[in-house]
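Visitor: Take a look at this one; I'll ask things after.
The values are calculated or read from the model by the stated rules, or taken from the named source; none is laboratory data. Keep in mind that this is a model prediction, so the values were computed, not measured. Cβ atoms come from the backbone with ideal geometry, glycine included; neighbour counts cover every protein chain shown. In case anyone asks, the SASA skips ligands and DNA or RNA and just uses the protein heavy atoms, side chains included. Shrake-Rupley method; radii C 1.70, N 1.55, O 1.52, S 1.80 Å.
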Amino acid sequence: MLLYLIPIFIILPLILMAIMIFLPTVIGKRIPPSFSKEKTQVFDIPRNELYHLLIDYENYPAWLKYISIVRVEKLEGNKLKIMQTYSNRRTYQELIEVRRIENSEISIVKTENEFTALWTYILEDAENGGTRMTIKETLYVYHPYLRFMLKYVLIDENGKNDFFRRVRNFINKNKTVNYFLFFPPIHI
């Protein structure tokens, strides 16, 4: 009797692993390669000040503590190459600012082997002189399995929430002291 149970305990995990690989791939093939997610919050800061805080990449380490170094290079066609080094992991990533509309929109692209991500920060006037900021993340994912995982499993809501929280903390900490007295906007 024990001889018959052994193959079940060997075969059952293999069947489950096959389902966990093939089912997301089949579902991922039905998902369009490009999809978007967005999140919005309102900040108690004028739109032009929030805009200048967001485009001042070299001062990101002052309020994004997980970034230790940021370098910016000008590229052709009014594009910027943003090179960030993370504090705790010493990893490095390159981003390209591809579009900038004064005081209202900034678009940044990150290209990986498996996917391309476009983050767009959309700034709109809100009530009481505040600013409504929307982060729209558009992903183009090449592989169906990864497409399924990024859309349904690896949802990056915590990343957007953390970014919003850090922006809000920096704004609240510097309400009495004007940020731009210490970090004047860089015009590139």
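Visitor: Ignoring ligands, DNA and RNA, what accessible area per residue does the stretch 1-105 give at 1.4 Å, in Å²?
Guide: Accessible area per residue: 66 Å².
Visitor: Check the straight Cα-Cα distances from Lys175 and name the aspartates and glutamates below 16 Å, setting aside those fewer than 8 residues away within the same chain.
Guide: Asp44, Glu49
Visitor: Separate question: For the chain, what size does the Cα cloud have along each of its three principal axes, sorted from largest down, in whole Å?
Guide: The Cα atoms of the chain stretch 80, 36, 35 Å along their principal axes.
Visitor: For the full complex of protein chains and a 1.4 angstrom probe, list His143, His52 by accessible area with the highest value first. Walk me through the numbers before you get to the answer.
Guide: Values: His143 100, His52 30 Å².
The ranking, largest first, comes out as His143, His52.
Visitor: Among Pro32, Tyr140, Val153, which residue has its Cα positioned farthest towards the positive end of the charge dipole of the stretch 23-176, with +1 placed on the Cβ of Lys and Arg, -1 on the Cβ of Asp and Glu, and the dipole taken about the Cα centre?
Guide: It is Val153, whose Cα lies furthest towards the positive end.
Visitor: Express the carbon and sulfur contribution to the solvent-accessible surface of the chain as a percent, rounded to the nearest whole number, probe 1.4 angstrom.
Guide: Working: 6910 of 11660 Å².
C and S fraction of accessible area: 59 percent.
Visitor: Okay, moving on. Set the Förster radius R0 to 35 Å, insert the Cβ-Cβ distance between Lys65 and Val98 as r into 1/(1 + (r/R0)^6), and round the FRET efficiency to 0.05.
Guide: Details: r = 27 Å, r/R0 = 0.76.
Efficiency for this residue pair is about 0.85.
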